[in-house]
Amino acid sequence: MTALRQLGGTQQRLLRQLLMASEGATVESLCEQLRISHNAVRQHLSALIARDVVERAQSRPSGGRPVACYRLTEAGRALFPRNYGILATALLSQLQDRLGDAGMEQMLRELGRTLGSQEVAPAADTPEEEVVQALAQNLDALGYEAVAARHGEEYQVEAFNCVFHALAQQHPQVCKFDLAYMEAATGRRVHHMECIVRGGHVCRFRLGTLLVDEAKTKR
């Protein structure tokens, strides 16, 4: 169920009216469109403002006192479904056709490294537990529902929501994006220990050696 569907029917209708009102809507106009009382409209607006999905807009001149207007916030607009999956799947299919499996995987790795390098990587001497905690927080902020979990003598990251699940089912190379992002963000090798797409209960990641040390070893 989407976040919008979790709201009551009247609030859903009110939000849809605001979605169509680019310059905001007044209490009066919402009363007419929803066929409910001024008091009911104000109560619903107060509840939605508290949820940070509606805000006061610039008042409209009315010949007398300015009339208050209301509009959706960015969070309010985000309640309405946005289907990026179809476009993303089509793009990956085109890339696979043009670049092949290896080429697409390389491109996804590069993209992951680029985005991960925008994070501040922990210092080399940062305790592993702190690195794992920081990585879990980064992933959680991106929607992975990630936590740091202890396994034996070490901490690992467990992600309960595969944000690219549908894409990864059709294009397993997508997981390389995640790994490259995490490695760039932590400066450490990341091992994919368990995968939801491959039947695991979670996506579980274990930190390995510092990438700087690996580079020195290869020389």
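Placing a label point 7 Å from the Cα of SER93 along the Cα-to-Cβ direction, the residues of the range 157-176 whose backbone N falls under 12 Å from that point are 170-171.
By the helix-only formula, in which each DSSP H run with n ≥ 4 contributes -39500 (n - 2.57) and the sum is divided by residues, the chain has a 222 nm mean residue ellipticity of -16000 deg cm²/dmol.
In plain terms, the bigger the Kirkwood radius, the slower the diffusion; for the chain, with that radius from Cα pairs, at 10 °C and 1.306 mPa s, Stokes-Einstein puts D at 76 µm²/s. Between ARG51 and ILE86, the C-beta separation translates, for a Förster distance of 25 Å, into a calculated FRET efficiency of about 0.30. What the Cα atoms of the range 9-78 give is an Rg and a Dmax of 11.2, 35 Å.
For each of ASP140, ASP125, ASP178, count neighbouring Cβ atoms within 10 Å of the residue's Cβ, then give the residues from fewest to most. List each step's numbers first, then the result.
Numbers: ASP140 17, ASP125 6, ASP178 25.
Listing ASP140, ASP125, ASP178 from fewest to most nearby Cβ atoms yields ASP125, ASP140, ASP178.
Rounded, prolate or oblate, given the Cα gyration tensor of the range 118-211, with a/c below 1.5 counting as rounded? Prolate is the answer for the range 118-211, as a/c is 1.5 or above and a/b outweighs b/c.
Ranked for footprinting exposure by Cβ neighbours inside 10 Å, fewest first, THR89, THR114 give THR114, THR89. Summarising the amide proton neighbourhood of GLU194: residues at separation of 5 or more, or on other chains, whose placed amide H is nearer than 5 Å comprise ARG204. In the range 85-218, taking the dipole from charged Cβ atoms about the Cα centre, the farthest positive-side position among ALA124, THR89, LEU139 is held by THR89.
Counting neighbouring Cβ atoms within 10 Å and putting the fewest first, the residues HIS44, HIS151 line up as HIS151, HIS44.
What the phi angles of the range 40-46 give under the Karplus curve with 6.51, -1.76 and 1.60, with θ = phi - 60°, is a coupling list of 5, 4, 5, 5, 5, 4, 4 Hz, glycine and proline written as x. For the range 16-25, 3J(HN,Hα) computed residue by residue from phi via the Karplus equation (6.51, -1.76, 1.60; θ = phi - 60°) reads 5, 5, 5, 4, 7, 9, 4, 9, x, 10 Hz, glycine and proline entered as x.
Computed from the coordinates by the stated procedures, all read-outs in this text should not be read as laboratory data. Predicted model only: the values in this text are computed from it and were never measured. Please note: Cβ atoms are built from the backbone with ideal geometry, for glycine as well, and neighbour counts cover all protein chains shown.
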